[in-house]
1. Just to be sure before I move on: is E123 over 25 Å from H16 (Cα atoms) and touching a Lys or Arg at 6+ places or on another chain (Cβ under 9 Å) in the structure I sent?
2. Consider A39 carefully, then state whether it is within 17 Å of the chain's Cα centre (by Cα) and in the same structural domain as T64 (by TED's automatic domain parsing).
3. Test of understanding: among D79, D63, D55, which residue is within 17 Å of the chain's Cα centre (by Cα), without any contact (Cβ under 8 Å) to a residue 24 or more places away in the chain and outside the structural domain of H117 (by TED's automatic domain parsing)?
4. I'd like the full set of residues that are touching a strand residue (DSSP E or B) at 6+ places or on another chain (Cβ under 9 Å) and either aliphatic (A, V, I, L, M) or in contact (Cβ under 8 Å) with a residue 60 or more places away in the chain (or both), limited to the range 100-120.
5. Any idea how many residues of the range 153-164 are surrounded by 20 or more Cβ atoms within 10 Å (Cβ to Cβ) and out of contact with any Phe, Trp or Tyr (no Cβ under 8 Å at 6 or more places or on another chain)?
6. Has the range 83-105 got any residue that is surrounded by 14 or more Cβ atoms within 10 Å (Cβ to Cβ) and within 20 Å of H16 (Cβ to Cβ)?
7. Within the bounds of the range 145-152, is there any residue that is modelled with pLDDT under 95, surrounded by 15 or more Cβ atoms within 10 Å (Cβ to Cβ) and either over 28 Å from R17 (Cβ atoms) or small (G, A, S) (or both)?
8. In the range 1-47, how many residues are among the basic types (K, R), in a helix (DSSP H, G or I) and without any contact (Cβ under 8 Å) to a residue 40 or more places away in the chain?
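The values are calculated or read from the model by the stated rules, or taken from the named source; none is laboratory data. Please read these numbers as outputs of a predicted model, since none were measured by experiment. Cβ placement follows ideal geometry from the backbone for every residue including glycine, while neighbour counts extend to all protein chains displayed.
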Amino acid sequence: MDVVRTSKRLSFVLRHRPESVGLVLDPAGWADVEQVLGALRLTRQELERVVATNDKRRFAFDDTGTRIRASQGHSVTVDLGYAPEHPPEELFHGTVERFLPAILAEGLRPGRRHAVHLSPDVETARVVGGRRGRPVVLRVDSSAMAAAGFTFRRSANGVWLVDAVPPAYLSPA
């Protein structure tokens, strides 16, 4: 089994197109593990390996181990149930140079996802931005945003989520 390929397929199914393999997510984004195994033709051991070895901890089992979901990044409607949290003073966003002019003019928007994803450190943001080219890391003044009433949530894998980041809260890292 190719772990990376399987992880990408699982991501696609649990975040964007569960119906492509006949799955239905519950309102919180959970899918039945047995149905996932059948739909993706995986063994329980293979699925557990994908979850355990994913460098970004993209997936989580529920407390019973009978359901699985993506921790964030959905384009389908789900309510992950993450409570609002006060963010650290600053967070970071990794992108590529070609998007920088639009981001500086319009801010960060979620695009096809439900939230903007922010990293807790420069290194993580650099890795995220480097997936599509030469990375550029932006500093987000999350403390000022929180003071202005923006709501932050932290996903199960430590990614910070916010509806949008206006350009006034962005600067080079």
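1. Numbers: over 25 Å from H16 (Cα atoms): yes; touching a Lys or Arg at 6+ places or on another chain (Cβ under 9 Å): no.
So E123 does not fit the description; no.
2. Values: within 17 Å of the chain's Cα centre (by Cα): no; in the same structural domain as T64 (by TED's automatic domain parsing): yes.
Criteria not met by A39.
3. Details: D79 fails: without any contact (Cβ under 8 Å) to a residue 24 or more places away in the chain; D63 fails: within 17 Å of the chain's Cα centre (by Cα).
Going through D79, D63, D55 in turn, the sole match is D55.
4. Answer for the range 100-120, where residues must be touching a strand residue (DSSP E or B) at 6+ places or on another chain (Cβ under 9 Å) and either aliphatic (A, V, I, L, M) or in contact (Cβ under 8 Å) with a residue 60 or more places away in the chain (or both): L100, I103, L104, G107, L108, A115, V116, L118.
5. Summing the residues that are surrounded by 20 or more Cβ atoms within 10 Å (Cβ to Cβ) and out of contact with any Phe, Trp or Tyr (no Cβ under 8 Å at 6 or more places or on another chain) in the range 153-164 gives 1.
6. Checked the range 83-105: no residue is surrounded by 14 or more Cβ atoms within 10 Å (Cβ to Cβ) and within 20 Å of H16 (Cβ to Cβ).
7. No; the residues of the range 145-152 include none that is modelled with pLDDT under 95, surrounded by 15 or more Cβ atoms within 10 Å (Cβ to Cβ) and either over 28 Å from R17 (Cβ atoms) or small (G, A, S) (or both).
8. Step one: list which residues in the range 1-47 are among the basic types (K, R), which gives 5, 8-9, 15, 17, 41, 44.
When the remaining residues are screened for being in a helix (DSSP H, G or I), the result is 5, 8-9, 15, 44.
Checking which are without any contact (Cβ under 8 Å) to a residue 40 or more places away in the chain leaves us with 5, 8-9, 44.
The qualifying residues number 4.
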